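Below is one structure, written out as structure tokens, with a few remarks after it.
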Amino acid sequence: MANDIMATSTTKLTLFHSILFYSPSPVLLLLQSKMRTISLRSAQDKLEAFSKKADEERSRRELEEGGRRQAEELVRSRDDEAYRQIMRMNHATAVTFVDTLMEQALLKIINDFAINSIKKEVEVEVEGRLTGTGNEEDVNEVSKNLVASILEPSAEFVSGMVEEREGEERHRVVAHTTTEQLMNDITKNSTF
């Protein structure tokens, strides 16, 4: 049995030496080169698949970012348009308010001037009639004529102003309504 163990180990050692110092045959060399080629192709295929997957991921992210940017631009343009319309409406409202104040001041000045003019003319006419030959009916008629001649243009002016204000008020109500609808639409469609 010891001889068998020795013989087995000697056989193994000889086989090992023969493989170690054995010159490879052309078939073995061909197989080795094919294995390397297959191994290289497999690695190359893996690299190409990884590169393709990375390109697809990059393209997907670029598309998502482009979509987000487009949505942000759309929201920004809606907000800018709403801001412009609100500013136009505020400017128009401020101008209307200032015009109304100026008209009221002008009407007060005109009324004060008309009343003072009428008083002076009536006083002069009354004094002239009373000192002269006129009677009280003539004084009343003169007063009525003076008041009518002074107040008629003012009444026409005031009625024109009232009509103009009513038209401006209609426009202002429409502008406010339109702006409110626009703002409601923007808040409904906004994703932020």
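Every read-out reported here was derived from the displayed coordinates using simple, explicitly stated rules and does not represent laboratory data. Here the structure is a predicted model, which means the values were calculated and not measured. Counting neighbours? That spans all protein chains shown, and the Cβs are built from the backbone with ideal geometry, glycine included.
What nm value, rounded to one decimal, do you get for the distance between residue 79 and residue 37 when each label is placed 7 Å out toward the C-beta?
6.3
Starting from the Cα of residue 119, draw a straight line to each of the aspartates and glutamates and keep only those under 13 Å, dropping any in the same chain fewer than 8 residues away.
127
Length gain on complete extension for the stretch residue 168 to residue 46, per 0.36 nm per residue less the alpha carbon to alpha carbon distance?
In short, 36.4 nm is gained.
Please list 3J(HN,Hα) in residue order for the stretch 101-113, calculated via the Karplus relation 6.51 cos²θ - 1.76 cosθ + 1.60 where θ = phi - 60°; whole Hz, with x for glycine and proline.
4, 5, 5, 4, 5, 5, 4, 5, 4, 4, 4, 4, 5
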